[in-house]
1. Residue by residue through the stretch 40-53, which ³J(HN,Hα) values in whole Hz follow from phi under the Karplus form 6.51 cos²θ - 1.76 cosθ + 1.60 (θ = phi - 60°), with glycine and proline marked x?
2. Give me the one-decimal nm value for the distance between modelled label points at residue 27 and residue 59, 7 Å along each residue's Cα-to-Cβ direction.
3. Tell me, what is the per residue accessible area of the chain in Å², probe radius 1.4 Å?
4. Charges at C-beta only: +1 for Lys and Arg, -1 for Asp and Glu. How large is the resulting dipole of the chain about its Cα centre, in Debye rounded to 20?
5. How many percent of the accessible area of the chain is carbon or sulfur, using a 1.4 Å probe?
6. Hey, could you get me the Stokes-Einstein D for the chain, Kirkwood radius over alpha-carbon pairs, 4 °C and 1.567 mPa s, rounded to whole µm² s⁻¹?
Amino acid sequence: MNDTVLKLNVVKCLIENFGVVQTERFISLMIKEPFDYTVWQRDLYKDMTVEELFAAASAWKETNKEVS
């Protein structure tokens, strides 16, 4: 998947889940604030074991088959 297709798919996903207004708000926030995805992800999952993270990802995939 190239970068353009990835961006289009992400925006489509955001719009489907949050609506146009919240998607625009999110994009605006991402542009305004410096954002380090690696640090954010590390903090987001810091209290989860690998097993818990895998179980959560597997459960999400099972309930979102049309997205994955």
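1. Per-residue couplings from phi come out as 4, 5, 4, 6, 4, 10, 5, 9, 10, 7, 4, 5, 5, 5 Hz.
2. Taking the two extended label points, one gets 3.2 nm.
3. Working: 6310 Å² over 68 residues.
I get 93 Å² per residue for the chain.
4. 220 debye
5. Working: 3870 of 6310 Å².
C and S atoms contribute 61 percent here.
6. On the way: Rh = 14.2 Å.
Estimated diffusion coefficient is 91 µm²/s.
The values are calculated or read from the model by the stated rules, or taken from the named source; none is laboratory data. Keep in mind it's a predicted model, so treat the numbers as computed, not measured. So basically every Cβ, Gly included, is an ideal-geometry build from the backbone, and we count neighbours across all protein chains shown. Heavy atoms of the whole protein, side chains included, go into the accessibility calculation; ligands, DNA and RNA do not. Shrake-Rupley method; radii C 1.70, N 1.55, O 1.52, S 1.80 Å.
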